[in-house]
Each structure stands twice: as C-alpha cells, then as structure tokens.
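Bear in mind these aren't lab numbers, they're just calculated from the coordinates by the rules spelled out. Since the model is a prediction, treat every value here as computed from it, not as a measurement. Reconstructed Cβ throughout: ideal geometry from the backbone, glycine too, with neighbour counts over all protein chains shown.
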Amino acid sequence: MGDVVIKVDQLSKRYIIDHEQQGGSQGSLRDKLATKAKNIFKQQGASAARREEIIVLNDLSFEVEQGRRVGIIGSNGAGKSTLLKILSKITEPSSGTVETAGRVVSLLEVGTGFHPELTGRENIFLNGVILGMSRAAIRKKFDQIVAFSEIGQFLDTPVKRYSSGMYMRLAFAVAAHLEPEILIVDEVLAVGDSQFQKKCLAKMDEISKDDGITVLFVSHNLEAVRSFCDTGIFLNKGTLISAGSIDDVVDDYARMYNKSSKELIPNTANAIYFNSIVPNKSNYYFEEPMTLTCGIVADKAYPKYIIGISISDRLDHKVGTTLIYSKEPLKAGANNITLKIPLTTIVPGAYTFTLAIALDESLHNLDVVFNYPELNILSDNHNQQLFARWSQSWGGNLLSGTDII
C-alpha cells in the first residue's frame with residue numbers, strides 16, 4: 001500500500017432541528033403564518049428552547065492509505081452516508097478537518113450528478129467535465145462506459161425517463177471509468193440486479209488492484225463487504241467503534257449486533273422449557289459446524305423427546321429445518337444438551353433460530369423459543385467456487401447431519 005490519501009481528524013457533524021410546532025402537525029398556511037407572527041413577539045430565549053442539536057458524527061479520526069478497499073459498516077443512523085457526503089465535499093463538517101489527495105468520484109444516491117433533461121450521452125460528458133477531464137479524455141473512455149452500463153439503446157434518451165436500475169448502471173459506469181483516485185460508493189448498488197452488482201464489485205476490485213484506486217464502500221450486506229474490502233470502519237450512532245482489518249471490524253459489528261438482540265426469557269410455567277440457548281460463537285464460516293448448548297428444565301423425568309429447529313433470515317424467510325431425536329431421557333430438573341448443526345446448505349448472511357421441544361412425533365410443542373439466538377454465517381476466504389455451491393442450495397432445506405453430541 002502507499003501514501004495516506006484520506007486523513008480525517010476530529011471530525012464532527014451537528015444539525016440544529018428547530019421545533020416550530022408542537023405535536024408534529026404540519027398545519028395549514030394560516031396556522032404557519034400565525035405561528036410566525038407569534039414568534040416576532042417571543043423572547044429570544046424562549047425561541048432557543050425549542051431548538052434541538054443532533055450529533056450525527058462525533059469526533060472521528062482515521063486515515064486511509066492509497067489502494068485500500070474500505071468497508072464502512074453500521075446500523076441505520078450510524079452516520080455512514082453523512083461521512084461519505086463530507087468526504088465527497090457535498091456537506092461541510094461542523095468541526096474537524098478532512099484531507100483527500102486526488103480526484104474523488106462519488107456514487108451516493110441514484111441520479112446524483114445527472115441532469116434529468118439531458119440524455120445519457122450528454123450526462124457522460126457533463127460528469128467528465130465536472131471532474132476536470134478534457135473532451136478527448138472522455139471520448140477515450142466513452143465506449144467502455146456505454147458497454148459496461150448495458151444501456152446503449154437508451155443512450156440518447158433523457159435520463160429522467162430512466163428506471164432507478166438504469167440510472168445506477170450508467171452512474172456506476174461513469175464513476176468507475178472516469179479515472180478517479182478515490183471512488184466512494186454508498187448503498188446505491190442495492191437497486192441493481194444481483195448480476196450487475198457482482199459486475200460492479202468485480203470492476204471495483206479490478207480498478208483497485210490494477211490502478212491503485214482507493215475505494216470506500218458502504219453496504220448493509222456484511223458478506224459483500226467482507227469479501228470485497230481489506231479494511232473496515234465501524235460506526236455506531238456517529239462514533240467510531242473500530243477501524244482495522246475487515247475481518248476484525250465485521251466481528252466487532254457482529255458482537256455488538258448480537259449483544260443488542262433480545263435475551264432469552266424462559267417460559268417457566270411450562271412442564272418442560274428451555275432455560276438457556278448458547279451458541280459456541282456468533283460468527284461462523286460457510287461449511288463450519290456450529291454447536292448450540294441448550295439448558296432444558298423438566299418438571300419430572302421423560303424417557304424421550306424431540307427438538308425441532310428452524311433457521312430464518314432477516315426477512316423471516318425459513319431457510320432450513322430439522323428434527324433431532326433424543327439419545328438419552330430427560331431427568332427431572334436441569335438438563336444440558338449440545339446440538340451439532342452443519343451449515344453446509346445455508347447461504348452466508350444473518351440468521352435467527354427457532355427451537356421447539358416435544359415428547360413424541362405428534363409434535364405437540366411443550367416449549368418454543370422464537371428468533372433466538374442470532375448469528376452470522378460468512379463465506380470461506382472469498383472462495384468463488386463455494387459461492388456457486390451454496391447459491392444453488394438456497395431454500396427451506398433439511399439441515400442434514402444435525403445431531404446431539
């Protein structure tokens with residue numbers, strides 16, 4: 001890696017929200033005029049009391065070296081987009097400094113930087129000129145941009161008639177081909193189809209490795225961030241939580257995410273209930289088996305039992321199920337069992353478990369724990385052959401090989 005191309009020092013961003021009306025009602029024009037008239041006669045202190053300061057970024061400091069691929073992660077409201085807007089010089093910081101070296105090209109929102117009345121062809125040249133490129137330099141890249149965007153037949157159509165996907169295709173093609181030193185990409189890629197997203201990630205990988213371009217990439221898709229980026233920045237409520245290798249930063253995010261999830265509350269009124277469910281860790285690599293240690297409390301001894309398990313993704317789609325038959329009886333009082341669950345047929349991502357216990361195959365559940373615990377499955381060392389295998393096995397499949405150990 002090379003010289004530092006981005007230096008952020010004690011960066012903060014604050015917004016002042018002026019609560020002009022109580023109760024959140026927009027009100028009529030007459031109401032608004034009346035409120036303005038009343039404010040003329042109010043004391044200055046009374047007006048100030050209705051203003052609220054929102055801290056979006058709080059004292060951030062970090063550096064990025066040339067050629068790094070930086071994944072910026074965090075939940076909604078963490079300050080990721082605000083940080084990118086400041087780095088792109090779209091928004092001014094409230095305090096602190098930002099230094100960037102070289103041409104910065106940003107892809108933040110669908111349609112940003114495009115004039116809606118101009119055609120796709122005209123917008124390509126407009127963006128190039130804004131970036132300080134000559135018309136000759138733009139023409140040199142023009143055919144590559146059009147070919148990559150795959151919208152050649154609509155090139156002379158005003159972009160106001162483009163779909164969001166077409167907007168994104170052209171915007172990314174322009175951003176990636178007009179020779180940036182720093183490329184900033186927000187969650188905007190999410191509007192494209194999966195094949196074009198892969199194409200964009202491959203292009204970012206190419207220009208980063210071949211041309212030494214620095215890439216800042218924001219996405220809620222932890223697997224895409226981990227597979228593409230080598231460096232990570234984790235923001236939470238405007239504060240820098242960690243920065244460093246992408247694997248370490250993703251692990252920090254996953255730990256905080258899992259800690260914020262709900263705790264298991266035992267159904268102590270049941271004759272049999274789960275007292276605890278503890279995975280051996282929160283992050284697993286694809287094809288790595290996980291274990292769940294379950295505490296089960298029974299009101300008396302039972303000769304046999306069945307545990308049902310289902311796994312759901314963040315959209316609550318069930319992606320895997322299984323039944324596990326007991327090897328030993330339940331004793332009265334506390335019991336501890338450990339379940340081994342292979343993850344060979346589950347796509348990398350974030351998931352929750354639902355566990356149930358019954359006494360026989362009628363499956364009359366005596367206790368059910370919904371959406372607990374939470375875990376993340378990661379792919380193995382960017383192995384593209386694995387991707388082909390697990391993408392084919394996506395679905396509500398049987399979790400074969402699950403057992404009590």
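Charge tally around Ser61: other residues with Cβ under 11 Å, Lys/Arg +1 each, Asp/Glu -1 each, net -2. Listed from fewest to most Cβ neighbours within 10 Å, the set Lys13, Lys327 follows the order Lys327, Lys13.
Please give me the summed charge of the neighbours of Gly71: other residues whose Cβ is under 9 Å from its Cβ, Lys and Arg +1, Asp and Glu -1. Don't jump to the answer; show the numbers that get you there.
Details: positive: Arg69, Arg226; negative: Asp230.
It works out to a net charge of +1.
Exposure proxy ranking for Thr91, Thr214, based on other Cβ atoms within 10 angstrom of each Cβ and starting from the fewest, stands as Thr91, Thr214.
Residues whose amide H falls under 5 Å from that of Lys281, counting only those 5 or more places apart or on a different chain, are Thr291, with hydrogens built in the peptide plane. Would you mind checking Lys7/Lys281; Lys85/Lys198; Lys13/Lys203 for any pair whose Cα atoms are more than 28 angstrom apart? The pairs that break the limit, which is 28 Å between Cα atoms, are Lys7/Lys281; Lys13/Lys203.
Please list, by residue number, every one of the GluC sites (Glu not before Pro) in the range 75-166 that is coil in DSSP and has at most 13 other beta-carbon atoms within 10 Å.
Loop-located and lightly packed - Glu117.
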